[in-house]
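Structure, as structure tokens:
The values are calculated or read from the model by the stated rules, or taken from the named source; none is laboratory data. The structure presented is a predicted model; accordingly, all values stated were derived computationally and were not measured. In this analysis, Cβ positions are derived from the backbone assuming ideal geometry, glycine residues included, and neighbour counts consider all displayed protein chains. Just so you know, the surface numbers come from the protein's heavy atoms only, side chains and all, with ligands and any DNA or RNA stripped out. Shrake-Rupley method; radii C 1.70, N 1.55, O 1.52, S 1.80 Å.
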Amino acid sequence: MRLRSLLFAPAVRPDLLRKLPRAGADGVVIDCEDATPPGAKQDGRTNARTVGGELAAGGVAVFVRVNAVGTPWFDEDMRHGIPQGAAGVVVPMVEDRAQLDEVAAALVGRDGLSVVVGLETAAGVSRATSLLDHPVATAGYFGAEDFIADMGGVRTESNMEVLHARSTVALAGRLARVPVLDQVVVAFADGARFQREAAEARALGYAGKLCIHPSQVALAHGAFTPSPEEVAAARKLIVAYEQAEAGGQAVIVVDGRMIDGPLVSQARRVVASAE
Amino acid sequence: MRLRSLLFAPAVRPDLLRKLPRAGADGVVIDCEDATPPGAKQDGRTNARTVGGELAAGGVAVFVRVNAVGTPWFDEDMRHGIPQGAAGVVVPMVEDRAQLDEVAAALVGRDGLSVVVGLETAAGVSRATSLLDHPVATAGYFGAEDFIADMGGVRTESNMEVLHARSTVALAGRLARVPVLDQVVVAFADGARFQREAAEARALGYAGKLCIHPSQVALAHGAFTPSPEEVAAARKLIVAYEQAEAGGQAVIVVDGRMIDGPLVSQARRVVASAE
Amino acid sequence: MRLRSLLFAPAVRPDLLRKLPRAGADGVVIDCEDATPPGAKQDGRTNARTVGGELAAGGVAVFVRVNAVGTPWFDEDMRHGIPQGAAGVVVPMVEDRAQLDEVAAALVGRDGLSVVVGLETAAGVSRATSLLDHPVATAGYFGAEDFIADMGGVRTESNMEVLHARSTVALAGRLARVPVLDQVVVAFADGARFQREAAEARALGYAGKLCIHPSQVALAHGAFTPSPEEVAAARKLIVAYEQAEAGGQAVIVVDGRMIDGPLVSQARRVVASAE
């Protein structure tokens, strides 16, 4: 499954949930955690199951973000919050493998559900490789706001304060061979910032971004889908390489760059992801 | 104890030591290590004990930076260099837990002394979590000059060459639940650089900065104390959140930002640290 | 051996191989891997042995980059590709210590060959310390193009996407006490980029850079050799420090900077590396 975008909406807002598919995100997330106040957890869970079921029946990839393992709501969320036909579960604030064992136990008998592991605390980031390597994990995300709140730091537009953690999570995803999604842009009206962050994330190896507003979805797809220019350049590079290789040439220069195997692999991946 | 600033002065300069309290630092450090030449270690130690005792009697939080574990001066520094009423010891160049065991052994019978662990070599940074997690460690600091000298690198104003190590130490501090202090600005007359670095450090989660000149203390306090604007914004956010929560609202937008739990925790911390 | 520059040329281009010494690199690398197409591996190996032997007889430090351990070419490369008098072997794409055991086994009876370990995949970077610490490893390099291709990321001029990996490899080199060389600049005509990257690399603690074009060698030497101004400043600092120390002074200020032990060590290293 492509995960260029996961669009979140609060479980307590059935009106917003029903509008989720319009944005065309690769997956939608019904959020029973942060966006659902403690007093409304049961209502949220019910909406997740019922409205989520409607959306899934319509062919949408529906995820539910449950409350963290160990909270008073986790068990009920897993038992009664996951709709028929759901694509998966998003588990926030994961910090140790025992928590993922609990997720796996709660999913026994419910095959085929993806589990997106949220790494958004100091402990979660420091154990990123071991957590994403858990058999139940099919994807991960890095949560910058919660991570920096946990660190007692300050979020800045430079993203320098999260470069280490963001890089660590990207590397962990690659080692565990699961795709990872990049941090939310809280200032949802700031499209330029979203685009800048998405480009950074793609450079780091992220597959997509968490989205909290429909307008962010198109920006995510723009950033995580190779542009026609990139695809054209990749095709040109592959052709030049293959001709040169067939002709026995060793040093291959395309547009002033010396080309070898890894660049060709990358070009092939760009072409493949555009098809 | 708040540690926004630790102001260092050479143990061999009793005149400077007596002036230390004027700057209003959260702690003062009598430096028996770098700033005390090998030939003057005994004089330094004596000053640390006597002048340090005067300062402590006046209510100042007095620390002594001893020479590194394993140097010919460490034992005597611990035995005769720590004044009555001292707040703690700063141990430079820590590289393995056995060194902290030695510190703990030297402190037997002297309860209540803080131990600030200096991480300023490749080995120290690479073991930061395990070192700050030692029971004797109550705080840590990252020493950029020594670290980069040990790496055979070059210090630059960009701080890019230390971002990885600085981030690693911040994360280790959080995991071990001890506050960490950020690198010295050697160019003590460059206030703009100090402010820039302090803002970076606060964003990363540092609690304060090492200071080597009295003028740096106010800059540190300015950076590590939330501004009235930050406090006002935090209060506004908390009020808006609580009203919305009480009214059963799920999506809360303040000044164009979508607000949820972690942002509220952060806001509460800002308000608390300003009180 | 100084390793400010390792200049690569394709093993299938004997004309280019014979020109390699002209650039004055600290070492030259006959590349049987990326720059040699699969159909030409045997020819490349033969050139490496014969032309490499000529170059080595002329006093040049000759390395051969063999194909990765586990490829169909590795054994033959080690057996028949290393010329008489070679300085060493460059092993690409190293990911675990067992691969270095194979390298060591292949080198039994061939004492004195350096082994430069290529860290250029997610797995290689994540195990950098353990790999560079292997007894057979005498140096390492970080390969940004292959690393980012393996991560599924995108290379950018900012180098932000590789700062974490580049810093990790520099730290690993220091812990294992082997020099490390920095990433290739593929756009070989862009001298300004090479200089910028070389300065970044030197700041991080790298000893030199991989070069793929003769024009890059002088730039590497310029960046990794201290400038006359740096040497002069270092000498001045050392003299001032020694005079002050002899006079019993504790606080030493040179050009507005407070000077202590680590800065003096660094200054001494600068002076030594310029001699």
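One table, with the values for the structure above:
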| quantity | calculated |
| --- | --- |
| Residues satisfying the stated conditions in the stretch A:197-223, i.e. open to solvent by 50 Å² or more (accessible area, probe 1.4 Å), within 12 Å of chain C (Cβ to nearest Cβ) and touching a residue at least 40 places away in the same chain (Cβ under 8 Å) | A:Glu200 |
| Failed condition for A:Ala25, given (1) touching a Ser or Thr at 6+ places or on another chain (Cβ under 8 Å); (2) farther than 26 Å from A:Phe147 by Cβ | (2) |
| Hits in the stretch A:87-96 (condition: open to solvent by 40 Å² or more (accessible area, probe 1.4 Å) and touching a helix residue (DSSP H, G or I) at 6+ places or on another chain (Cβ under 6 Å)) | A:Glu95 |
| Some residue of the stretch C:107-119 being polar (S, T, N, Q), surrounded by 21 or more Cβ atoms within 10 Å (Cβ to Cβ) and in the same structural domain as C:Leu204 (by TED's automatic domain parsing) | no |
| Check on C:Glu242, more than 23 Å from C:Arg177 (Cβ to Cβ), open to solvent by 20 Å² or more (accessible area, probe 1.4 Å), within 13 Å of chain B (Cβ to nearest Cβ) and touching a helix residue (DSSP H, G or I) at 6+ places or on another chain (Cβ under 7 Å) | no |
| Residue match in the stretch C:33-41 (condition: open to solvent by 20 Å² or more (accessible area, probe 1.4 Å) and either outside the structural domain of C:Val116 (by TED's automatic domain parsing) or in contact with a Leu (Cβ under 7 Å, 6 or more places away or on another chain) (or both)) | no |
| Matching entry among B:Gly261, B:Gly247 (being at the interface with chain A (Cβ under 9 Å from one of its Cβ atoms) and at pLDDT below 90) | B:Gly261 |
| Residue in the stretch C:1-16 that is surrounded by the fewest Cβ atoms within 10 Å (Cβ to Cβ), counting only those that are within 11 Å of chain A (Cβ to nearest Cβ) and not in a strand (DSSP E or B) | C:Asp15 |
| Selected residue [assigned to a helix (DSSP H, G or I), more than 12 Å from chain B (Cβ to nearest Cβ), free of Cβ contacts under 8 Å to residues at least 60 places away in the same chain and open to solvent by less than 20 Å² (accessible area, probe 1.4 Å)] from A:Phe194, A:Phe147 | A:Phe194 |
| Contacts under 7 angstrom Cβ, first residue in the stretch C:39-56 being within 21 Å of A:Ala244 (Cβ to Cβ), partner modelled with pLDDT of 95 or more and part of a helix (DSSP H, G or I), 6 or more apart | C:Arg45/C:Glu76; C:Arg45/C:Asp77; C:Arg45/C:His80; C:Asn47/C:Pro14; C:Asn47/C:Leu17 |
| The stretch C:125-144: number of residues that are within 14 Å of chain B (Cβ to nearest Cβ) and open to solvent by 10 Å² or more (accessible area, probe 1.4 Å) | 5 |
| Matching residues, the stretch C:150-164, being more than 7 Å from chain A (Cβ to nearest Cβ) and among the hydrophobic types (A, V, I, L, M, F, W, C) | C:Val162 |
| Total residues in the stretch A:51-67, condition within 13 Å of A:Gly81 (Cβ to Cβ) and surrounded by 21 or more Cβ atoms within 10 Å (Cβ to Cβ) | 8 |
| Residue count for the stretch C:158-182, restricted to those that are crowded, with 22+ Cβ neighbours inside 10 Å, outside any helix (DSSP H, G or I) and either small (Gly, Ala, Ser) or in contact with a Gly (Cβ under 6 Å, 6 or more places away or on another chain) (or both) | 2 |
| Single condition A:Ala122 does not satisfy, out of (1) away from chain B (no Cβ under 12 Å); (2) within 28 Å of B:Thr225 (Cβ to Cβ) | (1) |
| Total residues in the stretch A:29-50, condition within 14 Å of chain B (Cβ to nearest Cβ), modelled with pLDDT of 95 or more and touching a helix residue (DSSP H, G or I) at 6+ places or on another chain (Cβ under 7 Å) | 4 |
| Test: residue in the stretch A:168-187 that is within 14 Å of chain B (Cβ to nearest Cβ) and modelled with pLDDT under 95 | yes |
| Selection status of A:Thr71, crowded, with 23+ Cβ neighbours inside 10 Å and over 27 Å from A:Phe224 (Cα atoms) | no |
